[in-house]
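A quick write-up on the structure given underneath.
Read-outs throughout are calculated quantities, based only on the coordinates presented, and are distinct from any laboratory measurement. Keep in mind the model is a prediction, meaning the values are calculated, not measured. Don't worry about glycine lacking a Cβ; one is built from the backbone with ideal geometry, like all the others, and counts go over all protein chains shown.
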Amino acid sequence: MKMYDIVVIGAGPGGIAAAQEAKRLGARVALVEKEKIGGVCLNKGCIPTKALINKAKAFKETQKNISKGIFSGNIRAEWSEMLENAVSVVGVGRGGIESAIKSLGVDLYYGKAAIFSGNKVRVEESEGAEVELNYEKGVVVAVGSEPKKFKEFNQFEGNAVLYSDDIFKLRELPNKILIVGGGAMGCEFASLFANLGAEVILVEYFSTLLPKILDEDFSRSTIMREFKKPPKKINVITGASLKDIEKDCSGKITAALSDNQFFEVDKILIAAGRTVNSEIFGDLKSENIADKNILFIGDAKGVCGTAYIADKEGVDAVNLLLQDNNDCMSCIDANSFLCVYRDMEVSQCLSKNILVPYVIFSDPEIAVVGLTEKLATEKGIKIRIAKYLYRQMGRSHCDGEVAGEVKMLVNADDNRVVGVQLFGDCATEIIQIAYVLMNQKIFYEGWIDLLWPHPVYGEIFKEALKTLKR
């Protein structure tokens, strides 16, 4: 039996942050990971997909320069080499994290954890041995999530059908791929394969892409329109879902949609949400843990979020367990309230509402912070809208990336920016500027009066706000 102050279950971004914070506060910490350190983000999600997206964009840019006569020669994308590069990136990251965790004095266990009464966590290691960990202060559950799977397509999984975590199982670049889900993952994968020359069909159940974070007009007239343009030519189909799959003896795959459209494709990639990894209870029931100092963070809350939100939650959860400070909690649920839960219920909110930026590494990139026009209206906020196009900025023409636009919402009563939706090159980087200025509640005139270097993409905020009458 080993005694700890804090036991953290799950070594993804949230769990790692929790373990590091606990050690910083002088606690005895155990970190348990079922598979590989780094979680989905490092091993299957954020990092490897961004490595692939980066190479695909470089391929697209090189092709564009060849077509303009700036470069010459013939090039092709080597998918196997791209995968090897992504694997290498993951390996470097995993080794660095494991070394850093151990150097802090965190005890790292590999195996499947289960929480039992009597302040115990049992870890079933891969060799079959069982280790029992006792804790005094509490448990941080950061077990993450997995792709939402559809039982009706089980027979096709692994051959005709792949899920968002299965990118390394794709051994050859498909000529034609159907992607189910027009959220963040779907948009990123659609851009990745389109930039490599594949024919892409992107299917979304709702009427627009990214319906939860973007206004309909911005999604439809800006993002969806741009995705459909050559050379990408992503076939965006909204208001439909995958109804059926057929695969004949020759291996030909036919996808049938709910709107009676049929497509012959090489692969089907399903990126339609995620579900919680919740098999962590031994003799405890999830509804009976509210007073047992067991905190859920990240996707384990039941609301799938992002790595950086989980990171913040991990820090705050440990502070709550060690310092009994209820005011430090922060994370996000589907209603844009930041909270940490003692159980799976969204209603268990323990903190205040704060801004959270969202980034999507499609091509062009998408970034959002604050309210949408719809949410502002629902809250009774009278707004003024400022817009500006990428093609109106010098930097865009220097880089040859003129597609994009910003939509900014300003509270008409107090002149503060309350929402930003951004689509264009480097959007995922410059959204942090908007986040910081909004978090500081700077009047929109203050944004304009700042010194903005030239030519940079961040100038788009100043130029958009200058269209408003002071």
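Below 8 Å between Cα atoms, with a sequence gap of 6+, how large is the relative contact order for the stretch 121-279 in percent?
29
Report the net charge of residues surrounding Lys228, where surrounding means a beta-carbon distance below 14 angstrom and charges are Lys +1, Arg +1, Asp -1, Glu -1.
Neighbour charge sum, excluding Lys228 itself: +1.
Using Cα pairs under 8 angstrom and six or more residues apart, how large is the relative contact order of the chain, in percent?
With pairs under 8 Å counted, the relative contact order is 14 percent.
Quick check: convex hull of the Cα atoms in the stretch 364-465, volume per residue, rounded to a whole Å³?
81
Please work out the Cα center distance from the stretch 306-321 to the stretch 455-470, rounded to the nearest Å.
For the stretch 306-321 versus the stretch 455-470, the Cα centre distance is 34 Å.
Among DSSP beta bridges whose residues both lie in the chain, state the antiparallel percentage, nearest 5.
Rounded to the nearest five, the antiparallel share is 55 percent.
Take the residue pairs Lys312/Lys407; Lys407/Lys469; Lys148/Lys379; Lys55/Lys233 and return only those whose Cα atoms are more than 24 Å apart.
Lys312/Lys407; Lys148/Lys379
Helix-only estimate, please: 222 nm mean residue ellipticity of the chain, summing -39500 (n - 2.57) across DSSP H runs of length 4 or more and dividing by its residues, to the nearest 500.
Per the formula, -9000 deg cm²/dmol.
Please name which of Tyr110, Val90, Phe59 has its Cα lying farthest along the dipole of the chain towards the positive end, using unit charges on Cβ (Lys, Arg +1; Asp, Glu -1) and the Cα centre as origin.
My answer, from the dipole projection, is Phe59.
Would you order Ser164, Ser72, Ser241 from fewest to most other beta-carbon atoms within 10 Å of each residue's own beta-carbon?
Fewest-to-most Cβ neighbours within 10 Å comes out as Ser72, Ser241, Ser164.
I'd like to know which of Ile309, Ala427, Ile270 lies farthest towards the positive end of the charge dipole of the chain, counting +1 on Cβ of Lys and Arg and -1 on Cβ of Asp and Glu.
Ranked along the dipole, the leading option is Ala427.
For the stretch 105-258, what size does the Cα cloud have along each of its three principal axes, sorted from largest down, in whole Å?
Projected onto the principal axes, the Cα atoms of the stretch 105-258 cover 59, 44, 30 Å.
Between the stretch 423-454 and the stretch 25-52, how far is it from one alpha carbon centroid to the other, in angstrom?
Going from one Cα centre to the other spans 31 Å.
Taking the Cα centre of each part, how many Å lie between the stretch 379-407 and the stretch 215-234?
Cα centroid to Cα centroid, the span is 15 Å.
Bin width 10 Å, alpha-carbon pairs only: give the P(r) of the chain as whole percents, running from 0 to the bin holding the largest distance.
4, 18, 26, 26, 18, 6, 1, 0
Report the local net charge at Lys407: Lys and Arg +1, Asp and Glu -1, summed over other residues whose C-beta lies under 11 Å from its C-beta.
Summing Lys and Arg as +1 and Asp and Glu as -1 gives -3.
If you take the beta carbon distance between Glu246 and Leu451 as r and set R0 to 60 Å, what does 1/(1 + (r/R0)^6) give as a FRET efficiency, to the nearest 0.05?
0.50
Net charge around Glu130, counting only other residues with Cβ within less than 9 Å of its Cβ (Lys, Arg = +1; Asp, Glu = -1)?
-2
If the only charges are +1 at each Lys and Arg Cβ and -1 at each Asp and Glu Cβ, what is the size of the charge dipole of the chain around the Cα centre, to the nearest 20 debye?
Rounded to the nearest 20 debye, it is 1200 debye.
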